[in-house]
Amino acid sequence: MKKLTLDEIFWLEGETHSRDGTRIKTRKRNIAAPLDPATFADAVVQIYLDNAGDLELVAKSIESSDLNFSRYGDTFFEVVFTGGRTQPGTTKPDEGERHPYSVIDCEPDRVAILPSVIYIQKILRRRPFLIKNLENVMRRFLQSLELFEENERKKLAIFTALTFSQKLSGLPPETVFQPLLKDNLVAKGLVLPFITDFFKEYLVDNSLDDLISILKRGKMEDNLLDFFPSAKRSAEGFSEHFTKEGLVPLVEYNEKKIFEVKLKEMKTALTTQIADDTDISEVIETVKQRVKDAKLPDVEVVRILWDVLMDAVQWSGKNQQQNANSALRQVKAWAKLLNTFCTSGKLELELMYKVQIQCYEDAKLMKLFPEIVRSLYDQDVLAEDTILLWYRKGTNSKGRDMEQKAKKASETVFSKIFHQSGFISLPELDDILPQLTAAGF
């Protein structure tokens, strides 16, 4: 039998030596233990079974266990949600032990599901790194809504709403909303009932403003129609559905958002036309068409017209006279546009209110109110009765201080309009005020 050399003996023992006898240790390889989620899941299930589903006791047992949550976080939440492991990429049960105390096994109401949310909150406080695993599992389940029964989807919706109501640590809204936008889920009509149950449950303990805040963070505030199948994706469909579900405040909020968008679109279109010196008749037709299509109130139209006209003025930084001339030129140039839509005494008065408040808020227009009113009168935009009523009754409290100064500064202007023209004298206002009010001003 051949005798082994020293080098061969040391090699067999995992060590090497140089020829001079110096020991050289070889580097040990990092051999990772194979994944064994089945054993982990069975251990968690056994904790549930040993404590008969009492989540307080389950939480304490988990806290004192030496289970490797950092490695099997996804598996842990599968057990929480479904009672056991699920097959990779699906929600179908995998082999192994199961328990009957999961979220899916609860009754579809907040009383039954809330304890699970509080239980998860406790777990996350001790092991905050698990929030990523919760995100992973929730995202996977929400992307697979079609694999759940209708009743199970309702439970998931309630659970999801309660996680936000309870401010579950670190769960971002986009984790919930973005997976729901899969085309096939929306087209099958699975997302709309889910999000409806979510809204209804969340609003039990929270305000509409709280809900809107979550939608903003989830980048869904302006895209609520994306939850609707294409056949129902309209403002009317939105209002009809959520009104039927008792979510009238959400309907009103959405209608306000749509209204604001239409106003903004109209303002943008007018700004472009005025900047391009579009013929005034074409601008008038644009306004009429947008008012018809968007069903915009006349009062809002008058306010927008004034804003757009003033925004288009090239203002001087310090020269008040130049500013006055620019504003008056703009009024004269676009008087026909204003006159077309100031079709009643109430709308004329609204225009005066708008001008007054802007002159109050904008330093460069502070002293121009009487001159602008005179110009609007000269261009037949404002009638005598409207100016008289404003002069006597006053207007918005926001411009009240300025109003008193404006009245004093306007004495001369109004005297020229009324007294010198033989229309009426200022002391006679008391006599005509009742008639003006009765006439609808």
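The values are calculated or read from the model by the stated rules, or taken from the named source; none is laboratory data. Computed from a predicted structure; not experimentally measured. Glycine gets a Cβ as well: all are built from the backbone with ideal geometry, and neighbour counts include every protein chain shown. Surface areas here come from the heavy atoms of the whole protein model, side chains and all, with no ligands, DNA or RNA. Shrake-Rupley method; radii C 1.70, N 1.55, O 1.52, S 1.80 Å.
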Within a Cβ distance under 13 Å of Asn136, other residues only, what is the Lys/Arg minus Asp/Glu net charge? 0
Taking amide hydrogens as modeled 1.01 Å from N in the peptide plane, which residues meet the under 5 Å criterion relative to Lys182, leaving out close sequence neighbours? none
If the cut-off is 16 Å between C-alpha atoms, which aspartates and glutamates fall inside it for Lys267, apart from same-chain ones fewer than 8 positions away? Asp276, Asp277, Glu282, Glu285, Asp293, Asp298, Glu300, Asp307, Asp311
Express in nm, to one decimal, how much length is gained between Ala269 and Val299 on full extension, taking 0.36 nm for each residue of separation and deducting their alpha carbon distance. 9.0 nm
Amide H of Thr86: which non-local residues (sequence gap of 5 or more, or other chain) have their own amide H closer than 5 Å, using H built in the peptide plane? Asp94
For the range 320-335, what does the Karplus curve 6.51 cos²θ - 1.76 cosθ + 1.60, with θ = phi - 60°, yield as ³J(HN,Hα) per residue in whole Hz, taken in order and with x for Gly and Pro? 5, 5, 5, 4, 4, 4, 5, 5, 5, 4, 5, 4, 5, 5, 10, 4
Under the 7 Å Cα-to-Cβ spin-label approximation, Thr343 and Lys132 lie apart by a distance in nanometres of 6.3
The range 168-238-the range 313-350 distance, computed between alpha-carbon centres (Å): 44
Can you tell me the FRET efficiency between Glu63 and Asp311 if r is taken as the Cβ-Cβ distance and R0 is 41 Å, rounded to the nearest 0.05? 0.05
What is the sum of charges, Lys and Arg at +1 and Asp and Glu at -1, for the other residues whose Cβ falls under 15 Å from the Cβ of Leu337? -2
Zero-based 10 Å bins, Cα pair distances in the range 142-285, whole percents: 10, 36, 29, 12, 9, 4, 0
Counting only protein heavy atoms and a 1.4 Å probe, tell me what percentage of the range 186-345's accessible area is made up of carbon and sulfur. 48
A chain fully extended from Glu282 to Lys232 at 0.36 nm per residue, minus the present Cα-Cα distance, gains in nm 14.5 nm
Can you check what the net charge comes to around Glu97, using other residues whose Cβ is under 10 Å from the Cβ of Glu97 (Lys, Arg +1; Asp, Glu -1)? 0
Given an 8 Å cut-off on Cα distances and at least 6 residues of separation, report the relative contact order of the range 269-338 as a percent. 36
Mark the label point 7 Å from the Cα of Glu384 along Cα→Cβ and return the residues of the range 324-344 whose backbone N is within less than 19 Å of it. 344
